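Here the structure comes first, spelled out in structure tokens, and everything after it is commentary.
The values are calculated or read from the model by the stated rules, or taken from the named source; none is laboratory data. Every value quoted in this text rests on a predicted model; they were computed, and no experiment measured them. Virtual Cβ from ideal backbone geometry, glycine too; neighbours counted across all protein chains shown.
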Amino acid sequence: MVYLWAVLLILGLAFSQVLQLFSMPANWVALALIALWKYIYPESMTWNYVIILAVVAGIAEVLEFFLQARYAGKYGASTRGNIGGIIGAIAGAIFGAPFFLGLGALFGALGGAYFGCLIAEMPGRSRDEAMLAAKGAFVGKALGFTVKTAIGACIVVMSIPRVWP
């Protein structure tokens with residue numbers, strides 16, 4: 001019976017990463033599944049392992065926002081543009097979620113980062129400067145998403161041997 005539960009949990013871990021495409025908390029879902037497994041099968045791993053994965057998932061979240069802000073700044077965005085890009089990415093993910101079978105959240109987050117930064121930068125900047133800053137917010141959001149997804153994949157792959165009996 002433990003093999004059946006292990007297979008189901010591994011499938012759950014794999015499918016949890018699909019949530020990344022919808023700008024949902026995939027790494028936290030994977031962490032919750034791993035913690036549940038640890039609770040049910042305490043000999044499978046230590047709580048220190050689960051805590052380390054929680055720290056790694058937190059770092060992934062921070063990196064996602066940091067990279068967006070870093071690249072926006074690198075391309076000339078002000079603090080106001082960075083905040084606009086972050087707010088735009090969140091709003092875009094929420095409003096884009098109902099479209100394209102949920103994949104609109106990813107496109108909405110990327111477009112929201114761009115347009116949020118652009119709108120925030122337009123007062124007091126030339127159009128070209130604002131567009132360059134918005135391009136940086138877009139690139140940073142895409143890079144942050146990629147890094148967060150890669151870290152999530154590492155969490156899943158590292159946990160599979162601990163789950164398999």
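For region 37-51: of the residues being surrounded by 13 or more Cβ atoms within 10 Å (Cβ to Cβ) and hydrophobic (A, V, I, L, M, F, W, C), which is nearest to Pro161 (Cα to Cα)?
First, pick out the residues of region 37-51 that are surrounded by 13 or more Cβ atoms within 10 Å (Cβ to Cβ): 37-38, 41, 44-45, 49-50.
Within this subset, residues satisfying the condition of being hydrophobic (A, V, I, L, M, F, W, C) are 37, 45, 50.
Details: Trp37: 12, Met45: 10, Val50: 14 Å.
Residue satisfying both the conditions and the ranking: Met45.
Working carefully through the options Ala77, Ala30, find the one that is in contact (Cβ under 8 Å) with a residue 40 or more places away in the chain, touching a Phe, Trp or Tyr at 6+ places or on another chain (Cβ under 9 Å) and of a type in the set (A, V, I, L, M, F, W, C).
Matching residue, one of Ala77, Ala30: Ala77.
Can you confirm whether Val18 is without any contact (Cβ under 8 Å) to a residue 12 or more places away in the chain and not hydroxyl-bearing (Ser, Thr, Tyr)? Write out each step before concluding.
Working: without any contact (Cβ under 8 Å) to a residue 12 or more places away in the chain: yes; not hydroxyl-bearing (Ser, Thr, Tyr): yes.
Judged against the criteria, Val18 is a match.
In this structure, is Ala77 of a type in the set (Gly, Ala, Ser), closer than 20 Å to Thr149 by Cα and crowded, with 22+ Cβ neighbours inside 10 Å? Write out each step before concluding.
On the way: of a type in the set (Gly, Ala, Ser): yes; closer than 20 Å to Thr149 by Cα: no; crowded, with 22+ Cβ neighbours inside 10 Å: yes.
No.
May I ask you to say which residue of Leu110, Leu132 is closer than 21 Å to Gln20 by Cβ and either surrounded by fewer than 24 Cβ atoms within 10 Å (Cβ to Cβ) or touching a Pro at 6+ places or on another chain (Cβ under 6 Å) (or both)? Break it down stepwise before answering.
On the way: Leu132 fails: closer than 21 Å to Gln20 by Cβ.
Among Leu110, Leu132, only Leu110 is closer than 21 Å to Gln20 by Cβ and either surrounded by fewer than 24 Cβ atoms within 10 Å (Cβ to Cβ) or touching a Pro at 6+ places or on another chain (Cβ under 6 Å) (or both).
Residue check: is Ala150 within 20 Å of Pro25 (Cβ to Cβ), of a type in the set (A, V, I, L, M, F, W, C) and either surrounded by 16 or more Cβ atoms within 10 Å (Cβ to Cβ) or at pLDDT 90 or above (or both)? Full working, then the answer.
On the way: within 20 Å of Pro25 (Cβ to Cβ): yes; of a type in the set (A, V, I, L, M, F, W, C): yes; either surrounded by 16 or more Cβ atoms within 10 Å (Cβ to Cβ) or at pLDDT 90 or above (or both): yes.
Taking the combined requirement at face value, the residue satisfies it.
If you go through region 128-150 one residue at a time, do you hit one that is outside any helix (DSSP H, G or I) and more than 17 Å from the chain's Cα centre (by Cα)? Before the answer, list the steps.
In the first step, residues of region 128-150 are kept if they are outside any helix (DSSP H, G or I); the result is none.
There is no residue in region 128-150 that is outside any helix (DSSP H, G or I) and more than 17 Å from the chain's Cα centre (by Cα).
May I ask you to verify whether Pro123 is under 29 Å from Ala153 (Cα atoms), outside any helix (DSSP H, G or I) and not hydrophobic (A, V, I, L, M, F, W, C)? Please lay out each step first, then the result.
Details: under 29 Å from Ala153 (Cα atoms): no; outside any helix (DSSP H, G or I): yes; not hydrophobic (A, V, I, L, M, F, W, C): yes.
Against the criterion (under 29 Å from Ala153 (Cα atoms), outside any helix (DSSP H, G or I) and not hydrophobic (A, V, I, L, M, F, W, C)), Pro123 does not qualify.
Any idea which of (1) under 25 Å from Ser126 (Cα atoms); (2) in contact with a Lys or Arg (Cβ under 9 Å, 6 or more places away or on another chain) is the one Lys74 doesn't satisfy?
Tallying (1) under 25 Å from Ser126 (Cα atoms); (2) in contact with a Lys or Arg (Cβ under 9 Å, 6 or more places away or on another chain), Lys74 fails exactly one: (2).
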